[in-house]
1. What is the one condition in (1) surrounded by fewer than 23 Cβ atoms within 10 Å (Cβ to Cβ); (2) touching a strand residue (DSSP E or B) at 6+ places or on another chain (Cβ under 7 Å); (3) among the charged types (D, E, K, R) that Glu362 does not satisfy?
2. Across the range 369-393, what is the total count of residues that are crowded, with 18+ Cβ neighbours inside 10 Å and not acidic (Asp, Glu)?
3. Is there a residue being over 27 Å from the mean Cα position of the chain (by Cα), at pLDDT below 95 and more than 27 Å from Val136 (Cα to Cα) anywhere in the range 17-29?
4. I need a count of the residues in the range 173-188 that are surrounded by fewer than 22 Cβ atoms within 10 Å (Cβ to Cβ) and either more than 17 Å from the chain's Cα centre (by Cα) or not in a helix (DSSP H, G or I) (or both).
5. Is it the case that Arg110 is surrounded by fewer than 20 Cβ atoms within 10 Å (Cβ to Cβ), in contact with a strand residue (DSSP E or B) (Cβ under 9 Å, 6 or more places away or on another chain) and either modelled with pLDDT of 95 or more or under 27 Å from His340 (Cβ atoms) (or both)?
6. Answer yes if at least one residue in the range 295-311 is free of Cβ contacts under 8 Å to residues at least 12 places away in the same chain, closer than 23 Å to Cys169 by Cα and part of a helix (DSSP H, G or I), and no otherwise.
7. Condition (residue is within 20 Å of Leu154 (Cα to Cα) and either among the basic types (Lys, Arg) or over 22 Å from the mean Cα position of the chain (by Cα) (or both)) applied to the range 95-103: is it met by at least one residue?
8. Being surrounded by fewer than 22 Cβ atoms within 10 Å (Cβ to Cβ), closer than 20 Å to Arg378 by Cβ and at pLDDT 95 or above narrows it down to one of Arg279, Arg267, Arg214, so name that one.
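The values are calculated or read from the model by the stated rules, or taken from the named source; none is laboratory data. Being a predicted model, the structure only gives us computed values, none of them experimental. When we count neighbours, we look across all protein chains shown, and the Cβ atoms used for this are built from the backbone with ideal geometry, even at glycine.
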Amino acid sequence: MPARWMEVVLSNWNDALARLEPPARIAPPISGDEQQARLEKARRLTRELGAEALLVHADASIAYFAGLHWGASERLTALWLPVTGEPLLICPYFEQGSVSAGLQIKAELRLWQEDESPYALIGQAMRDAGLSTLAVDPSMSFEMVYRLGRETGLSLLEAGPVIRGCRMCKSPAELAIMQQAMAMTLEVQKVTAKVLHEGMTTTEVTNFIEAAHRKLGASGNSFCVVQFGRGTAYPHGLPGVQVLKENDLVLVDTGCFVQGYTSDITRTYSFGKPTDAQRRIWDIEKEAQAAAFARVEVDVPAEEVDAAVRAVLVRHGLGPDYRLPGTPHRTGHGIGLSIHEAPFIVRGDKTRLDVGMCFSDEPMIVVPADNGQEFGVRLEDHIHVTEKGAAWFTPPQPDILTV
């Protein structure tokens, strides 16, 4: 790569970052009152499930219920919430300082040493409260659930209805945080398209997106997928570093974190002149995305939104079902503290849409190599359900040459 070319790229990169301005105010975190309301709803749903207490595993759900941003690992950290009484936070002894600093609810810490069993603490808490039936977070590993049952003798239920029942419908405060994250990522998508140069690598683009998200006030990328040319034909990309060439299709799928909530937007556009086939598929993709949006309304099963997309594809001679050329995966996924969470916009998910549900609209179309070309088009924006139907977090991409 000529040194002079690199100077131009770096200059464009730095100039683009310099023009980015963070919002005047970052959306506030979830209030203490709202977190208490979440606990009360979880208690009610746990009781309705037929359990006497709920065990919430580390990661997104413990952030949701306790405000504690703590990744899951082989060391159990979990929130124990009885339907009546105060919650407990079970965690390793040596982590108590960090956990106490991050915990946003009032909960007694029950600590275990490295040579002790955390499951014994859960069993003891249940016995002390005279309880025997525990609803367990489905995100816990099989090994953890197996050991919990074996060591305590408790009756265990799967707590998916409780966790999903609380997390699926977002509050106004959650929607405000997600709206800000989405707006940041859309701005990053737009500026990224302007700094692309022939010879640029996917690694360089990813690094720029990370810097741009941070410049806007986010805590960095929540994830980033950058693909050029034939790499766009693979929904989650090809491994290795790709180099941008004139007339390549570019697919950028990325998001950022704001107050623990993530954004997720994909743009596909031509770095140069698109082929007639690329234009045709891009236009069908946009039509399919619009069909999904139009089908969203309260009480519609999630799978019907996916069906609306498949009908568009079949009308254009694509598919059917998951066959290529066509859409090889679901139309969308829920989003919030996790990039992928309930509901899922796919055949078989009969979840009835309700106000506050948030999910992606991304019916990616893949054209395999045996059709003479190899490329894919994914347009992804996110929807939140209102009493009047669907609402976009971000406006969809207008055309194949404009982000």
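1. Condition (1) is where Glu362 drops out.
2. 11
3. Restricting attention to the range 17-29, the residues satisfying the condition of being over 27 Å from the mean Cα position of the chain (by Cα) are 18-19.
Going one step further and asking which of them are at pLDDT below 95, we end up with 18-19.
Narrowing further to those that are more than 27 Å from Val136 (Cα to Cα): 18-19.
Yes, the conditions are met somewhere in the range 17-29.
4. The qualifying residues number 2.
5. Taking the combined requirement at face value, the residue satisfies it.
6. Yes, some residue in the range 295-311 is free of Cβ contacts under 8 Å to residues at least 12 places away in the same chain, closer than 23 Å to Cys169 by Cα and part of a helix (DSSP H, G or I).
7. Within the range 95-103, not a single residue is within 20 Å of Leu154 (Cα to Cα) and either among the basic types (Lys, Arg) or over 22 Å from the mean Cα position of the chain (by Cα) (or both).
8. The unique qualifying residue is Arg279.
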